[in-house]
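Q: If you scroll down you'll find the structure; I have some questions about it.
The values are calculated or read from the model by the stated rules, or taken from the named source; none is laboratory data. From a predicted model like this one, the values you see are computed outputs, not experimental measurements. Backbone-built Cβ (ideal geometry, glycine too); neighbour counts: all protein chains shown. Side chains are part of the model used for accessible areas, which takes the heavy atoms of the whole protein and leaves out ligands, DNA and RNA. Shrake-Rupley method; radii C 1.70, N 1.55, O 1.52, S 1.80 Å.
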Amino acid sequence: MTQRDWTDLTDSVRVCHSALYATASTVVSRPGSNEVLLVDPAWVPSELAGLATDLTDAGLTVAAGFSTHAHHDHLLWHPGFGASPRYASPGATALAERERPALLTALGPGWPTELTDLLGRVSATDTLEPWGELVIHNAHSTGHAALWVPDDRVLLAGDMLSDLELPLLQETGFAAYDAGLTALRPYVERAAIVVPGHGSPTGAPMERWLADRRYLDALAAGTDADDERLANPDMPQAHAANLTAVAESRPAE
Ligand SMILES: [Zn+2]
């Protein structure tokens, strides 16, 4: 088993990234404890097994799991993480249950049953103390939740504030995304580091937030989005879907 490439962002927050879409798996610990919160472990089966091995080798026990939202690449688990409780927001939990067949399809072929059985087995919560504070909104996906780790001033942003992905708003629409981004702002302002669900953590959180703000403003104004993320794989299609979502949300004249 190859050891995965971990980055210690702070004393309590470490992250590693999947080969697929640079999906972040994040571990949050508490001072003096070997019990950790595991957020969005991803992604392919060999990587999940590697994560389990790494945690064991580091002497860490998974006390709880957390899924930032109900998309297939954020609802994964591995038997090696143990049988600890797994959580998501109430809205994301309901969505994961309702959309389970589609989520399994989205994983693609070749997944062992021991992993598909564990997809999306989350329970609803609106609090994640003592690990941090949940910021629950409906941008990107119903019940999407960021996790604010106050002692370290780290914001785990889920599928927002990414340097790879544009805001993806086709699922819940422009207004929900706008409101979600606004809800994140006070946390971003205080944050030392923002960790997006895909792409690179940043020590310049407001720049990331403003990039998303500018993109949304351009969408709303119907002007060209001058956004370097448009050059990334799948993003032209995502941008087209966003334009459709905005057009559909405009009242008919
Ligand atoms: Zn997502």
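Q: Please find, within the stretch 157-195, the residue that is farthest from the ligand (Cβ to nearest atom) out of those that are closer than 19 Å to Ser89 by Cβ and aromatic (Phe, Trp, Tyr).
A: Tyr187
Q: Right, here's the next one. Just give me the residues in the stretch 115-147 being more than 16 Å from the ligand (Cβ to nearest atom), open to solvent by 60 Å² or more (accessible area, probe 1.4 Å) and part of a loop (DSSP other than H, G, I, E, B), in sequence order.
A: Within the stretch 115-147, Asp117, Arg121, Asp126, Thr127, Glu129, Pro130 qualify.
Q: Just give me the residues in the stretch 221-242 being surrounded by 14 or more Cβ atoms within 10 Å (Cβ to Cβ) and more than 23 Å from the chain's Cα centre (by Cα), in sequence order.
A: Ala225
Q: Additional query: Quick check on my filter: what residues within the stretch 74-96 are within 14 Å of the ligand (Cβ to nearest atom) and in contact with a helix residue (DSSP H, G or I) (Cβ under 8 Å, 6 or more places away or on another chain)?
A: Passing the criteria: Leu75, Leu76, Ala88, Ala96.
Q: What pairs come up if the first residue lies in the stretch 146-161 and is closer than 12 Å to Val15 by Cβ, the second is within 16 Å of the ligand (Cβ to nearest atom) and polar (S, T, N, Q), and their beta carbons are under 6 Å apart, counting only those six or more places apart or on different chains?
A: Correct list of pairs: Leu156/Thr26.
Q: Also: Could you look through the stretch 26-59, keep only residues that are in contact (Cβ under 8 Å) with a residue 40 or more places away in the chain and among the hydroxyl-bearing types (Ser, Thr, Tyr), and pick out the one that is surrounded by the fewest Cβ atoms within 10 Å (Cβ to Cβ)?
A: Thr53
Q: Whether any residue in the stretch 103-114 is touching a strand residue (DSSP E or B) at 6+ places or on another chain (Cβ under 6 Å), within 26 Å of Leu181 (Cβ to Cβ), surrounded by 20 or more Cβ atoms within 10 Å (Cβ to Cβ) and at pLDDT 95 or above is what I want to check.
A: no
Q: Something else: Which of the residues spanning the stretch 80-114 are farther than 27 Å from Thr61 by Cβ and not in a helix (DSSP H, G or I)?
A: Glu99, Gly108, Pro109, Gly110
Q: Oh, and also: Scanning for something small (Gly, Ala, Ser) and either within 23 Å of Gly173 (Cβ to Cβ) or within 15 Å of the ligand (Cβ to nearest atom) (or both), does the stretch 107-114 turn up at least one residue?
A: Checked the stretch 107-114: no residue is small (Gly, Ala, Ser) and either within 23 Å of Gly173 (Cβ to Cβ) or within 15 Å of the ligand (Cβ to nearest atom) (or both).
Q: In the stretch 8-25, how many are out of contact with any Phe, Trp or Tyr (no Cβ under 9 Å at 6 or more places or on another chain) and open to solvent by less than 10 Å² (accessible area, probe 1.4 Å)?
A: 2
Q: Next question, about the same structure. Does Leu20 count as within 14 Å of the ligand (Cβ to nearest atom), closer than 21 Å to Pro196 by Cα, in contact (Cβ under 8 Å) with a residue 40 or more places away in the chain and in contact with a helix residue (DSSP H, G or I) (Cβ under 8 Å, 6 or more places away or on another chain)?
A: yes
Q: Please work out which residue is nearest to Arg250 (Cα to Cα), limiting yourself to the stretch 160-190 and to residues that are assigned to a loop (DSSP other than H, G, I, E, B) and open to solvent by 10 Å² or more (accessible area, probe 1.4 Å).
A: Looking at the filtered set, the residue picked out is Gly173.
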